[in-house]
Amino acid sequence: MQLKGLYAITDEILTPKESIINKTQIALQNGVKILQFRDKNSNDNEVLEICSKLKKLCDSYGALFVLDDRIDIARELGAGLHIGKDDIALIEARKNFDGIIGVSCYGDINRALEAQANGANYVAFGSFFRSPTKPHAGVVEFEVLSEAKEKINIPVCVIGGINIENIDKFNKFEPEMISIVSGIFDGDIAKNCANLLAKSPYLSQN
């Protein structure tokens, strides 16, 4: 599956359980190619129930479904996995998980190089702007993307406070994936996706 395109991440406030299926379907209908489920609070049974539906939905649109941190559920569903610095270590994850793994690297090229060497399928950098969903995340300089393009051979994802007002700032770097939460799910989802893709047309190119 191609690791490229608009990458939506769910949020417990913007995509609550009672509307997550409907909202993510609208996003997928309007150009989202990767969907990550992020929920740090629900128990595994709740997550499995929701994610079983989300995985089928993503499959029907030819999109990649990714779980944040929950390796056992990702393995059970045949989904991708995304891990950060406080989650399972990549080396440990790779021992018994052969699916797609993305790794958060913040602003650290060395972490990205290590992730690449240890079997990551993509690396994510950010936050590039102040994020309403992660207000305490540090802001990363754009120079990290220039260095990543020189040194990283796997797909690059950018994240953090990205919206219609600033998404075009990434066009000269052309990261394979642009990951967005509130910029997609806050307001008119279909319109948000259309506007974001119009500002970054390279994301839709094969």
Using alpha carbons only, what's the Rg to Rh ratio of segment 80-178 with Rh from Kirkwood?
0.96
For Arg70 the rounded accessible area (nearest 10 Å², probe 1.4 Å, non-protein molecules ignored) is 40 Å²
Straight-line reach from Lys95: which aspartates and glutamates have Cα under 13 Å away, leaving out those fewer than 8 places along the same chain?
Asp72
Under a Cβ-only charge scheme (Lys and Arg +1, Asp and Glu -1), can you give me the dipole magnitude of segment 155-206 about the Cα centre, in debye to the nearest 20?
80 debye
Residues of the chain: accessible area per residue at 1.4 Å, in Å²?
48 Å²
Of Lys17/Lys191; Lys55/Lys151; Lys53/Lys169; Lys17/Lys85; Lys23/Lys199; Lys56/Lys149, pairs whose Cα-Cα distance is over 30 Å:
Lys55/Lys151; Lys53/Lys169; Lys56/Lys149
How charged is the neighbourhood of Asn206? Take every other residue with its Cβ under 13 Å from the Cβ of Asn206, and add Lys/Arg as +1 and Asp/Glu as -1.
+1
Ignoring everything but the protein chains, give the 1.4 Å probe accessible area of Lys56 in square angstrom, nearest 10.
150 Å²
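Sorting Tyr106, Tyr122 by accessible area (1.4 Å probe), largest first, what list results?
Tyr106, Tyr122
Take every Cα-Cα pair in the chain and report what % of them are more than 21 Å apart.
Result for the distance tail: 49 percent.
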Find which of Gln25, Tyr61, Ser42 sits farthest along the positive direction of the dipole of segment 1-124, computed with +1 on the beta-carbon of Lys and Arg, -1 on that of Asp and Glu, about the Cα centre.
Tyr61
Calculate what fraction, in whole %, of the accessible area of segment 94-189 sits on carbon and sulfur atoms when a 1.4 Å probe is rolled over the protein chains.
45 percent
Quick check for me: using +1 on Lys/Arg Cβ and -1 on Asp/Glu Cβ, what's the dipole size of the chain about its Cα centre, in debye to the nearest 20?
400 debye
Could you state how much accessible area Glu46 has, in square angstrom rounded to the nearest 10, with a 1.4 Å probe and all protein chains kept in place?
70 Å²
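The values are calculated or read from the model by the stated rules, or taken from the named source; none is laboratory data. The structure presented is a predicted model; accordingly, all values stated were derived computationally and were not measured. Virtual Cβ from ideal backbone geometry, glycine too; neighbours counted across all protein chains shown. Remember, those area values only see protein heavy atoms, side chains included, never the ligands or the DNA or RNA. Shrake-Rupley method; radii C 1.70, N 1.55, O 1.52, S 1.80 Å.
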